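Asker: Let me begin by handing over the structure; questions about it come next.
The values are calculated or read from the model by the stated rules, or taken from the named source; none is laboratory data. In this text, all values refer to a predicted model and were calculated from it rather than measured experimentally. Here the Cβ positions follow ideal geometry from the backbone for every residue, glycine too, while neighbour counts run over all protein chains shown.
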Amino acid sequence: MGFRPIEETPQTKELASKYPKVKSLGTVQDYGGWDQIQKKFFDDGAVFDQIQAKK
């Protein structure tokens with residue numbers, strides 16, 4: 001299941017001009033591989049922890 005609607009409705013048509021179409025999704029390799037993702041986002045004190053601390 002995706003995050004963008006796949007059925008056209010009056011609302012999706014109205015919003016389509018505000019948001020560009022997604023041409024390609026990134027891959028794990030685009031972000032340096034799982035080791036880099038883990039280090040940057042999920043290790044202690046990384047991005048995820050920083051976001052949670054601001055709540």
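Asker: Has the range 33-46 got at least one residue that is modelled with pLDDT under 95, of a type outside the set (Lys, Arg), outside any helix (DSSP H, G or I) and loosely packed, with under 10 Cβ neighbours inside 10 Å?
Answerer: No, the conditions are met nowhere in the range 33-46.
Asker: Taking the range 10-32 on its own, how many of its residues are part of a loop (DSSP other than H, G, I, E, B) and either aromatic (Phe, Trp, Tyr) or touching a residue at least 12 places away in the same chain (Cβ under 8 Å) (or both)?
Answerer: So the answer is 2.
Asker: If I filter the range 10-27 for residues that are under 18 Å from the mean Cα position of the chain (by Cα), of a type outside the set (A, V, I, L, M, F, W, C) and surrounded by 10 or more Cβ atoms within 10 Å (Cβ to Cβ), do I get at least one hit?
Answerer: The answer is no, given that none of the residues of the range 10-27 is under 18 Å from the mean Cα position of the chain (by Cα), of a type outside the set (A, V, I, L, M, F, W, C) and surrounded by 10 or more Cβ atoms within 10 Å (Cβ to Cβ).
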